[in-house]
Amino acid sequence: METEYLKSFRQNLHKQPELSGSEKNTAKTIVSELKKYNPSKIITNLAGFGVIAIFDSNKKGKTIVFRAELDALPIQETNTFPHASKTSHVSHKCGHDGHSTILIGLAQALQKSPLKKGSVVLLFQPAEETGQGAKAILQETKFTNLKPDFVFALHNVPGYKKGTIICKPDTFTPSVVSLAIILKGKTSHAAEPEHGINPDLALHELIYKIKMLANPNQSKEDFSTIATVYACLGSKDYGISAGEGELHFTIRTWTPKQLEILKQAIKNLTQEICSIHNLNFEIDWFQEFSANRNNQDAFDIIESAAKSNHFEFINKEHPFKWGEDFGLFTQHYKGAMFGLGAGTETPALHNPDYDFPDDITSYGVTMFHTILKLIYA
């Protein structure tokens, strides 16, 4: 494994981040690099700017997919090192540059040790951060015709010792959805609020009653968090009694079923409260991520791969609470995601001072390559 080369490649990606759905140059860089390792086939423009590299032995065997992400986040980087983002207010603050580099390292390994049977698919997915990428990939026959037997992915996780492998069977990351509730009343002169319909009381009631639907007990099947992320009422015009309001929440649950239960409960509450206060309303649901359900067989393979390399392995008691659209793949295929410890002192994901630690790249490449060896043994 060319560790210093991969470090340089990753840092080059970090300098040139692109937002979800706009990963054109990132994809070009990936394709140019992949060609060096002679894959059997490269597919581009998949669900936007997605890329697939297929390494095929031309002998009967399982088809294994490994997924990484291409997109960055709309966050201004505060780091000042030489490979800092060159794009204002866009940066790789989730480590997708590192995840893609790990797949490049796997491509290197596949060139040096060609498959003896089956085929490996390296999937570089666009638009993970918006929750749209996996859905779009799964609508592409160029992907579904590959008929994967297993799908695997990893995510770096700050707060754990570097190189630690973190996994669990069944739910690994939750179902997540965000929503906006638009409240529509009627403005009036602030001296005569009785002639208008102000959404203020409804907004207050909605925040309280929607928040009360959450169950923070992580050991329960109906666990959920409901975070209020934005609230707005009227405008700073002091002669006007507000006529419109807006509320945004993000919901997380362990299961898709519980998410649907909460979505219906929120809809019912909104209808009831708006009826009482003579308000019209709209509810918009967006940025939905399916729960990542780790298949038991795939989990066992990951655990065996970690232990065979003497990597520290943690069987996590509760799922992580961040969303990941890889969950949609595990709804359709046998597969699993695992966490890769990124260091106890590494800043948290989505923070402006985060940077993927290059010294964990080798752990990711080794894990993926070992998973292949175990499946094809």
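The values are calculated or read from the model by the stated rules, or taken from the named source; none is laboratory data. Since this is a predicted model, take the numbers as computed values, not measurements. FYI the Cβ positions are ideal-geometry reconstructions off the backbone, even for glycines, and counts take in every protein chain you see. Areas reflect the complete protein model, heavy atoms only, side chains present, ligands, DNA and RNA absent. Shrake-Rupley method; radii C 1.70, N 1.55, O 1.52, S 1.80 Å.
Observations, loosely collected:
- Here the Karplus curve 6.51 cos²θ - 1.76 cosθ + 1.60, taken at θ = phi - 60°, turns the phi angles of the stretch 185-195 into couplings of x, 8, 6, 7, 5, 5, 7, 9, x, 5, 8 Hz, with x standing for Gly and Pro.
- Of the solvent-accessible surface of the stretch 305-377, computed with a 1.4 Å probe over protein heavy atoms with every protein chain present, carbon and sulfur atoms account for 50 percent.
- Solvent-accessible area of Asp284 with every protein chain in place, 1.4 Å probe, in Å² to the nearest 10: 90 Å²
- Residues Lys86, Lys211, ordered by accessible area of protein heavy atoms at a 1.4 angstrom probe radius and largest first, appear as Lys86, Lys211.
- Accessible area in square angstrom per residue, the chain, 1.4 angstrom probe: 44 Å²
- Cβ-derived FRET efficiency at R0 41 Å, Ile276 paired with Val31, nearest 0.05: 0.10
- Taking Lys and Arg as +1 and Asp and Glu as -1, the other residues whose beta-carbon sits under 12 Å from that of Pro216 total +3.
- Largest-first ordering by accessible area, 1.4 Å probe, given options Tyr238, Tyr333: Tyr238, Tyr333
- Here's the picture: a label point sits 7 Å out from the Cα of Glu205 along the beta-carbon direction, and within the stretch 247-284 the residues with their amide nitrogen under 15 Å of it are 266-281.
- Backbone phi angles across the stretch 116-132, fed through the Karplus curve with coefficients 6.51, -1.76 and 1.60 (θ = phi - 60°), yield HN-Hα couplings of 9, 7, x, 9, 10, 10, 9, 10, 9, 9, x, 6, 6, 5, 8, x, 9 Hz in residue order; Gly and Pro are listed as x.
- Surface calculation, 1.4 Å probe, protein heavy atoms: Ser88 sits at approximately 80 Å² accessible.
- Across the accessible surface of the stretch 131-174, with the other protein chains kept in place and a 1.4 Å probe, carbon and sulfur atoms take up 45 percent.
- Size of charge dipole - the chain - debye, nearest 20, with Cβ of Lys, Arg +1 and Asp, Glu -1, no other charges: 1700 debye
- Note, ³J(HN,Hα) from phi for the stretch 46-55, Karplus 6.51, -1.76, 1.60, rounded to Hz, x at Gly and Pro: 8, 6, x, 10, x, 10, 10, 10, 10, 10
- Sorted largest first by accessible area at a 1.4 angstrom probe radius, with every protein chain in place, the residues Tyr230, Tyr37, Tyr208, Tyr160 fall in the order Tyr208, Tyr230, Tyr160, Tyr37.
- Against the chain, whose longest principal axis comes from its Cα atoms, helix 96-112 is set at around 20 degrees.
- Three-way shape call for the stretch 49-152 based on the alpha-carbon gyration tensor, with the a/c threshold at 1.5: oblate
- Qualifying GluC sites (Glu not before Pro) in the stretch 276-377, DSSP loop, other Cβ atoms within 10 Å at most 14: Glu312, Glu317, Glu345
- Compared with the dominant principal axis of the Cα atoms in the chain, helix 256-276 is inclined by about 20°.
- Judged by the ratio a/c of the largest to the smallest principal axis of the C-alpha gyration tensor, the chain counts as prolate, that ratio being 1.5 or greater while a/b is larger than b/c.
- Farthest towards the positive end of the charge dipole of the stretch 1-85, among the residues Pro39, Asn58, Ser8, is the Cα of Asn58, using unit charges on the Cβ of Lys, Arg, Asp and Glu.
- Compared with the dominant Cα axis of the chain, that is its longest principal axis, helix 24-34 is turned about 20°.
- Among the listed pairs Lys86/Lys147; Lys267/Lys321; Lys7/Lys112; Lys86/Lys135; Lys162/Lys220; Lys93/Lys263, a Cα-Cα separation exceeding 28 Å is found for Lys86/Lys147; Lys86/Lys135; Lys162/Lys220; Lys93/Lys263.
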